[in-house]
1. Tell me, which residue of the stretch 222-242 that is in contact with a Leu (Cβ under 8 Å, 6 or more places away or on another chain) and in a helix (DSSP H, G or I) is modelled with the highest pLDDT?
2. Output the residue which, of all residues in the stretch 189-220 that are more than 24 Å from HIS350 (Cα to Cα) and β-branched (Val, Ile, Thr), is surrounded by the most Cβ atoms within 10 Å (Cβ to Cβ).
3. Filter the stretch 168-204 down to residues that are under 27 Å from PRO21 (Cβ atoms), hydroxyl-bearing (Ser, Thr, Tyr) and touching a Pro at 6+ places or on another chain (Cβ under 7 Å), then give me how many there are.
4. Out of everything in the stretch 270-281 that is without any contact (Cβ under 8 Å) to a residue 24 or more places away in the chain and outside any loop (DSSP other than H, G, I, E, B), what residue ends up being surrounded by the fewest Cβ atoms within 10 Å (Cβ to Cβ)?
5. Identify all residues within the stretch 198-256 that are closer than 30 Å to GLU118 by Cβ and polar (S, T, N, Q); write none if there are none.
6. Return the pair list, or none, for Cβ contacts closer than 6 Å from residues in the stretch 149-178 that are of a type in the set (Phe, Trp, Tyr) to residues that are assigned to a helix (DSSP H, G or I), at least 6 apart or on different chains.
7. In the stretch 165-188, what residues are in contact with a helix residue (DSSP H, G or I) (Cβ under 6 Å, 6 or more places away or on another chain) and exposed (fewer than 15 other Cβ atoms within 10 Å of the Cβ)?
8. Scan VAL169, VAL195 and give me the residue that is in contact with a Lys or Arg (Cβ under 9 Å, 6 or more places away or on another chain), modelled with pLDDT of 90 or more and either closer than 17 Å to VAL340 by Cα or of a type in the set (A, V, I, L, M) (or both).
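The values are calculated or read from the model by the stated rules, or taken from the named source; none is laboratory data. Being a predicted model, the structure only gives us computed values, none of them experimental. All Cβ positions, glycine included, derive from the backbone under ideal geometry; neighbour counts span all protein chains shown.
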Amino acid sequence: MEVPILVCGCGMRIRAPGARPGRVGRCPACGGRLEVPPPAGEPEPRPEIDLADTPGTLRPPPEIVLQPARARKKRRSSRPDRSPSGKVMPMADGLLPLLSQPERGWLISFLYPLRGAESLAMVGSMGCLFWIFGVMVAEYCLQVMSDSSSMGGALLGMLFVILAVVPVVILLPMIVAYWFQYLGRILVTSAGGEVAPPRMPDRNFDGFLTGLSPWFVWIVLGLALPLAPAIWLAGPSGPGGVPSWAVAVLAAAALPYILAALMLSFLHDDTFAAMPWGVLLAVVRLGPLFLALCGLIAVAFGGFGGAVALSLWIRPRAYWTYMLFTLPCCVAFLWIQMVVMRLLGIYYYHRKAGLKWQTADLRWGIAWKL
């Protein structure tokens, strides 16, 4: 199926793979209203013919000649593009075909990044960047400091560390902001019932900053607030003597609150809907299945934590094996984040009629600006 390309009045060209005809959205550049047109090749409605131009007289209708539609060359593809019922499904050039409708099973959502070329490009490129900045640069700095201390040149080693850290300090916040933008788009498009992964944000200054307001709201109201007790117990100002497992249990108990606040920050008409009383009410309205979904998400992140613990165990025994093992760990961590946003969006999509968090159609991109 041909991917519709929408042209905004500001000149922005937007690809909307998987968007249904009649879908209303917003331009990520100017916020203008956009609507997906009907597929090309649909017959236009026939004009009405007035048979009585003058009173008392009838004239034969003009002859209408229908031109045959130009045959399109079918692109060969080795992937299936039809559902079992024979319905043609849109493709987003991923490793797996798109579904004919949003999934209802949670486990199938773990394959969501495989259904789009842009989602695969994002998780692969961002995984490599986070691996370089988070693992390779950190290991280089630790090695330089160790070697310089052993040779009595601590100041020279500090200079090399600063030269290595400065690019990270400059580039890493932009990379994180860009990745958060894409995660927000996954949540919003999934909540709108889209089956294709969203397109990547624009790679310009405005593209890096647009859409961060919901993240700031969630970090303050939905993340820092519920984790404050666990942080206080584990910190130096706490009572002391609290076992680490008790702190971990307290933090895990806040997971439903954190995820519900994330959904409210992006999917509610009210910008500050993620207030404590609103989040608690949302957890109740989302139902018991939401708690089960939170348990599945906790298991997924727990598996990643186990992989990190394994890599730290490997590090002193086989250093280069540890370095290679951390690369798929970084990719898996980003993969889990994409799946979590998909799960939350789909969960809202199947219950939005009862929740009534929004009065208008969802947008493809987040148009809020700083």
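1. Step one: filter the stretch 222-242 for residues in contact with a Leu (Cβ under 8 Å, 6 or more places away or on another chain), giving 222, 229-230, 233, 239, 242.
Okay, now just the ones that are also in a helix (DSSP H, G or I), so 222, 229-230, 233.
On the way: GLY222: 91, PRO229: 84, ALA230: 82, LEU233: 79.
Checked the stretch 222-242; the qualifying residue modelled with the highest pLDDT is GLY222.
2. Taking the stretch 189-220 first, the residues more than 24 Å from HIS350 (Cα to Cα) are 200-213, 216-217, 219-220.
Those left that are additionally β-branched (Val, Ile, Thr): 210, 217, 219-220.
Values: THR210: 23, VAL217: 21, ILE219: 16, VAL220: 14.
It comes out as THR210.
3. Number satisfying all stated conditions: 2.
4. Residues of the stretch 270-281 without any contact (Cβ under 8 Å) to a residue 24 or more places away in the chain: 270, 277-278, 280-281.
Filter once more, so that each one left must be outside any loop (DSSP other than H, G, I, E, B): 277-278, 280-281.
Values: TRP277: 7, GLY278: 17, LEU280: 14, LEU281: 14.
In this case the residue turns out to be TRP277.
5. Hits for the stretch 198-256 are ASN204, THR210, SER213.
6. PHE160/VAL144; TYR178/PHE208
7. The one that is in contact with a helix residue (DSSP H, G or I) (Cβ under 6 Å, 6 or more places away or on another chain) and exposed (fewer than 15 other Cβ atoms within 10 Å of the Cβ): MET174.
8. Numbers: VAL169 fails: in contact with a Lys or Arg (Cβ under 9 Å, 6 or more places away or on another chain).
Of VAL169, VAL195, the one residue that is in contact with a Lys or Arg (Cβ under 9 Å, 6 or more places away or on another chain), modelled with pLDDT of 90 or more and either closer than 17 Å to VAL340 by Cα or of a type in the set (A, V, I, L, M) (or both) is VAL195.
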